[in-house]
1. Quick one: Ile273 ticks every box in (1) part of a strand (DSSP E or B); (2) under 27 Å from Asn239 (Cα atoms); (3) touching a Leu at 6+ places or on another chain (Cβ under 8 Å) except a single one, so which number is it?
2. Among Tyr235, Tyr228, which is open to solvent by 20 Å² or more (accessible area, probe 1.4 Å), assigned to a helix (DSSP H, G or I) and over 24 Å from Asp123 (Cα atoms)?
3. Looking at this structure, is Ser328 open to solvent by less than 50 Å² (accessible area, probe 1.4 Å), closer than 14 Å to Arg292 by Cα and of a type in the set (S, T, N, Q)?
4. From the residues in segment 68-127 that are hydrophobic (A, V, I, L, M, F, W, C) and within 22 Å of Pro168 (Cβ to Cβ), which one is modelled with the lowest pLDDT?
5. Suppose we keep only residues that are among the aliphatic types (A, V, I, L, M) and farther than 17 Å from Pro168 by Cβ within segment 185-221. Which one would you say is most open to solvent (accessible area, probe 1.4 Å)?
6. Kindly state which helices (runs of 4 or more DSSP H) lie completely within segment 350-439 and contain at least 1 residues that are within 16 Å of Ala217 (Cα to Cα) and open to solvent by 60 Å² or more (accessible area, probe 1.4 Å).
7. Does any residue in segment 331-342 that is in contact (Cβ under 8 Å) with a residue 12 or more places away in the chain and open to solvent by 40 Å² or more (accessible area, probe 1.4 Å) come within less than 8 Å, Cβ to Cβ, of a residue that is among the hydrophobic types (A, V, I, L, M, F, W, C) and not in a loop (DSSP other than H, G, I, E, B) six or more places away or on a different chain, and which pairs are these?
8. Identify the residue in segment 128-144 that is of a type in the set (A, V, I, L, M, F, W, C) and open to solvent by 40 Å² or more (accessible area, probe 1.4 Å) and, among all such residues, is farthest from the chain's Cα centre (by Cα).
Amino acid sequence: MATTAISKSSALQRFLRDTSRRSLNSAATACVSSSLGAVMPPMQPHDMIIQSKSQAQVHLPPSRRLYSSTSYSMKKAWDPSLDEYKYWNREQSKHGEASYVLDMSPESVQREARILCLASDDDDANSPLTNPAGKLPFGSRLLHVGIQPTDFPDSLICENPNVLFVSPSCPHVRLQLPLLLHKFPTIEWIHVRSAGIDFLESDELPVVTKKRIMTNAKGQFSSSLAEYVMMACSYFAKNIPMLLKQKGAKVWNDFDVEELRGKTMGIVGYGDIGRATARLASTYGMKVVALRRNPAKSELDPICDEVYGTGKLSLQKLMSVSDYVVCSAPSTVETRGMVNADAFKASKKNQVFINLGRGPVVDEDALVGSLKNGTLRGAALDVFATEPLPKDHELWDIENVLISPHNMDKTATFMHEATEFFVNENVTRFILGDTLLNPVDARLGY
């Protein structure tokens, strides 16, 4: 069946490739009509009945799929567009490809997306999905918004909802999610509007998601966090604290600074955030070493010089060779407390530790001890085991610590863009029957 789909879509793929190099004009539009006519017979009135695009009530014809996944030819093992590594990146991925196919050939619809939204109804970041004046993709409908199963009328069961959008704004969502999935067993796909799913963690989560697809907003926040990392590195390399002190005291004393070029950055958790950080570090002339569960996936990565597997010895090796360590690992059962006293004892002299993943991954007592005894030169921390960071926490009083309130990816539009990704990229793929971006394994926690 997959072979047939690729064969039927060859003309459309050639068209998409060509139009990526030039703007659409009337001649190109005519070419599309001709190409589509060549690969499939004219639609008959009984094939599809569309009541209105706003309602998107669709009666699906027999499978005539025109849209297929990107060709895998000439790809490398680290290419994120590969099926086994199919993740979204805001800067590098092609935007709107599936939406364009859906707009140009609505007969490519494979199924309707009937969406429930588990979120606070006043969460403006969800407006690309929930705003009544907005336009959802053809073939999709938002059925209801609520924060608990009782908010969703029993009459919706007859609508056979098949998509669930989950927002962090939903109170007690780790408890509400399993209950809602029990109430609506027809849900096939769960999308989470954040990169981390630790706020959903429960004993029931792996069970209720076992036969369902789960995706997240990975790739939406990576560039902002990568910029933060390079700022944090420069904060210590150029001794910004000294500059601020001298400015406050109106003192003109020069001092030596260091370059980032030639230094080694170790990245614990080489996912999309890790790779975005590595890309910038490489541009600065830094060597990059990384720690990840499946090191084979990065063997041909041109911006990662060395990659180690997971485990205590691998982490200690990375700590021992890195001038700057970036922790971007998710919080899971396996990773909590992973960066502990033994890891810090292995740290290279004058190392700077940067945490932007999740606070519980780091043993904060061990971190404080390493900062106080001089094992670490400094730390830049955007995440903590307890947030907000308690006022009596020792980290506030340690001079060589840069603290930010878990906001280094919080641009004015970052969550709004995460919802746009769901609507414009993944909902359209679902409607077309294509592979969804950003698959998540609830058992692993990422």
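The values are calculated or read from the model by the stated rules, or taken from the named source; none is laboratory data. Keep in mind the model is a prediction, meaning the values are calculated, not measured. Reconstructed Cβ throughout: ideal geometry from the backbone, glycine too, with neighbour counts over all protein chains shown. These accessible areas exclude ligands, DNA and RNA; they are computed on the full protein's heavy atoms, side chains included. Shrake-Rupley method; radii C 1.70, N 1.55, O 1.52, S 1.80 Å.
1. (1)
2. Tyr235
3. Criteria met by Ser328.
4. Of all residues in segment 68-127, those hydrophobic (A, V, I, L, M, F, W, C) come to 74, 77-78, 82, 88, 98, 101-102, 104, 109, 113, 115-119, 125.
This time we only want the ones that are within 22 Å of Pro168 (Cβ to Cβ), so: 88, 113, 115-119, 125.
Numbers: Trp88: 85, Ala113: 98, Ile115: 98, Leu116: 98, Cys117: 98, Leu118: 98, Ala119: 97, Ala125: 96.
Checked segment 68-127; the qualifying residue modelled with the lowest pLDDT is Trp88.
5. Our first condition is that a residue be among the aliphatic types (A, V, I, L, M); within segment 185-221, this holds for 187, 190, 192, 195, 197, 200, 205, 207-208, 213-214, 217.
Adding the requirement that they be farther than 17 Å from Pro168 by Cβ leaves 187, 207-208, 213.
Details: Ile187: 5, Val207: 107, Val208: 11, Ile213: 81 Å².
Of everything passing the filter in segment 185-221, Val207 is most open to solvent (accessible area, probe 1.4 Å).
6. On the way: elements: 364-372, 414-421, 427-432.
Answer list for segment 350-439: 414-421.
7. Hits for this filter: Arg336/Val361; Met338/Val268; Met338/Leu315; Met338/Val361; Met338/Val362; Asn340/Ala366; Ala341/Ala366.
8. Within segment 128-144, the match that is farthest from the chain's Cα centre (by Cα) is Ala133.
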